[in-house]
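First the structure, in the form of structure tokens, and then the observations on it.
Read-outs throughout are calculated quantities, based only on the coordinates presented, and are distinct from any laboratory measurement. What you see is a predicted model; the values in this text were computed from it and never measured. For neighbour counting, all protein chains shown are included, and Cβ atoms are generated from backbone atoms with ideal geometry for every residue, glycine included.
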Amino acid sequence: MRHNRSMVLSKRLTQAAALSALLLTPAVAGAQEEVKVKSLAAPDYFSSPVADTGLAGDLWKDTAPDIMRDVVPKLAGTKPLSPAFANLAKRLLSTGANGPAGVGDNIDMGAARGMALVALGEAKGANAILDRATGAPGNAPLSLATAEAALITGDDDKACRTQDALTVDRGAAYWLRLRAFCQLKAGQADAAQLTFQLAQNATKDADYARLMGAALAGTAPGAANLKNGVNYALSRRLTLDLQSAAAIASASPALKAVLKPAGGDLAGVSSGADLTAQEASDLAFLRQAKTVPAFVEAAHASAASIAALAAAGAPLQDPVLMARAAVAAGDVTSAQTIRGHLVQDSIPGAGPADLAILDALIAAASGKVDNQVLGNLVARGASGGPKSPAQPAAVLLSSLGGTMDADARTQFAAFDLGKPAASAARVQVLEDAGTAKRKGEAGLLALSIALDAGATGPQPVDRARIARALNHAGLAADARAIVVEGLLSLAFTK
């Protein structure tokens with residue numbers, strides 16, 4: 001009996017030794033190491049896509065890490081971007097592509113990406129990718145991005161869970177405000193009152209104080225406030241009018257995306273009289289826009305009725321304005337239809353240069369730079385003198401390609417386009433990035449120039465160089481949008 005036990009024990013020891021030897025062989029040891037490396041690999045905070053942007057997973061290949069570290073956090077700041085550049089930023093940051101070394105696995109850069117997407121009006125997409133991000137409880141910026149994205153998309157419970165899980169900076173004003181809201185939401189009125197007082201002691205905020213005070217005491221709350229996610233959540237809880245003029249005026253870019261645009265409504269419009277009334281309404285709405293961003297908003301709001309007016313084929317009171325608005329709303333077909341009905345010398349409120357610029361606008365939006373259109377634009381610029389808007393329009397259109405004949409080149413070379421505002425060094429690196437097809441780096445450098453220019457965007461000479469570089473880099477759609485916006489802006493700089 002004892003002999004049998006010894007035999008069994010000896011056999012088991014032999015099997016264990018054999019298993020140990022097997023585990024130490026190069027093939028198995030290598031497999032173990034591979035599993036270990038994979039399990040410990042740091043996450044890439046830029047690899048999750050928000051949407052199919054048409055850009056490949058090598059977007060950030062060869063991008064200078066410090067350029068990315070410099071620009072991406074600024075996109076979440078308070079400096080505004082014009083619509084075309086905001087769309088470029090959103091497209092870049094919505095792409096799922098591993099970031100450069102030291103950037104993609106940096107948690108603060110992951111937070112910067114999330115906050116930038118929120119600031120650009122892509123809270124829904126940010127909310128989705130931040131669900132898959134790791135490390136938020138120990139990182140206040142990443143938790144902030146997660147909470148704001150959740151609040152703006154109406155997921156208050158997720159925002160409160162994020163606040164509960166946070167292990168750092170819990171005494172900061174933002175977290176105190178959110179905590180007071182979450183306590184109120186959970187029916188903990190006394191705790192919410194105490195936290196509310198702590199939040200006000202940390203940093204006073206009149207709008208938050210008014211809304212939270214009303215929620216706690218049942219007093220009149222006043223108008224909704226949409227400057228951040230917490231105030232938006234409070235305004236929703238108080239069932240305030242989110243479409244009031246005061247609410248819209250207070251809305252941050254992050255929250256403007258959730259508002260219903262004002263403007264034309266084609267519901268029920270079918271007769272000629274109805275279309276005439278709608279045209280008058282659209283014209284009034286479009287003419288009140290004094291900046292390109294405001295005009296683009298008005299154009300989108302009026303898009304359906306402009307399309308119906310174009311299809312009807314009736315004479316329009318201001319056809320050039322209507323065609324420009326159609327392009328601004330992305331409806332090139334309606335703009336082409338309106339343009340097809342126009343005859344020179346019989347265009348209400350427009351001259352030859354206006355028609356030439358409209359042709360350039362339609363060409364740029366359709367992605368077809370017609371040499372005849374470019375040549376006519378250059379000729380109008382030469383005959384109109386240095387103050388003619390056809391001159392900057394020509395440099396903008398030419399940045400997308402096209403060929404000028406000898407006469408046009410001679411005329412174009414004499415144009416005075418003003419002094420560039422963008423840093424010559426930055427433009428040179430941008431152009432180098434375009435030539436080398438470094439898409440991500442070219443896009444970031446373009447955005448850095450646009451951030452310096454503000455909400456109206458760069459002036460034509462800088463804008464044309466940006467568009468040319470982006471076109472060379474392979475960002476043709478963005479280059480066209482930037483040129484279209486520049487051509488639209490000429491109407492506001494006469």
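A few notes on this one:
- Cα-centred dipole magnitude for the stretch 123-256, charges only on beta-carbon of K, R (+1) and D, E (-1), debye, nearest 20: 100
- Relative contact order of the stretch 123-256, pairs being alpha-carbon contacts under 8 Å that are 6 or more residues apart, as %: 18
- Extension gain from T203 to V258, taking 0.36 nm per residue of separation minus the Cα-Cα distance: 17.1 nm
- Spin-label proximity, V168 to the stretch 46-73 - amide N less than 14 Å from point 7 Å beyond Cα toward beta carbon: none
- Projected label distance in nm at K387 and A51, using a 7 Å step from Cα toward the beta-carbon: 4.2
- Taking the fewest neighbouring Cβ atoms within 10 Å as the starting point, the ordered list for E485, E279, E148 is E279, E485, E148.
- For the pair S366 and A312 in one chain, pulling the backbone fully straight at 0.36 nm per residue adds 17.2 nm over the alpha carbon distance.
- In nm, spacing of pseudo-spin labels at D274 and D241 (7 Å Cα→C-beta vector): 2.7
- Only one residue of P49, S398, L75 has its Cα farthest out toward the positive end of the dipole of the chain, where Lys and Arg carry +1 and Asp and Glu -1 on Cβ, and that residue is P49.
- Backbone N atoms of the stretch 314-333 closer than 18 Å to the 7 Å Cα→Cβ label point of S281 belong to residues 317-318, 322, 326.
- Summed over qualifying helices (DSSP H, 4 residues or more, each -39500 (n - 2.57)) and divided by its residue number, the chain shows a 222 nm mean residue ellipticity of -20000 deg cm²/dmol.
- For the peptides 122-128, 406-412, 466-472, the ranking by packing is 466-472, 122-128, 406-412, with the highest mean count of neighbouring Cβ atoms within 10 Å listed first.
- Each Lys and Arg Cβ is given +1 and each Asp and Glu Cβ -1; about its Cα centre, the chain then shows a dipole of about 1560 debye.
- Gyration tensor verdict on the stretch 123-256 (Cα atoms; rounded if a/c is under 1.5, prolate if a/b is larger than b/c, oblate otherwise): oblate
- Rounded if a/c under 1.5, otherwise prolate or oblate - the chain, Cα gyration tensor axes: oblate
- Sequence-separation-based contact order of the chain, relative, with Cα cut under 8 Å and 6+ spacing, percent: 13
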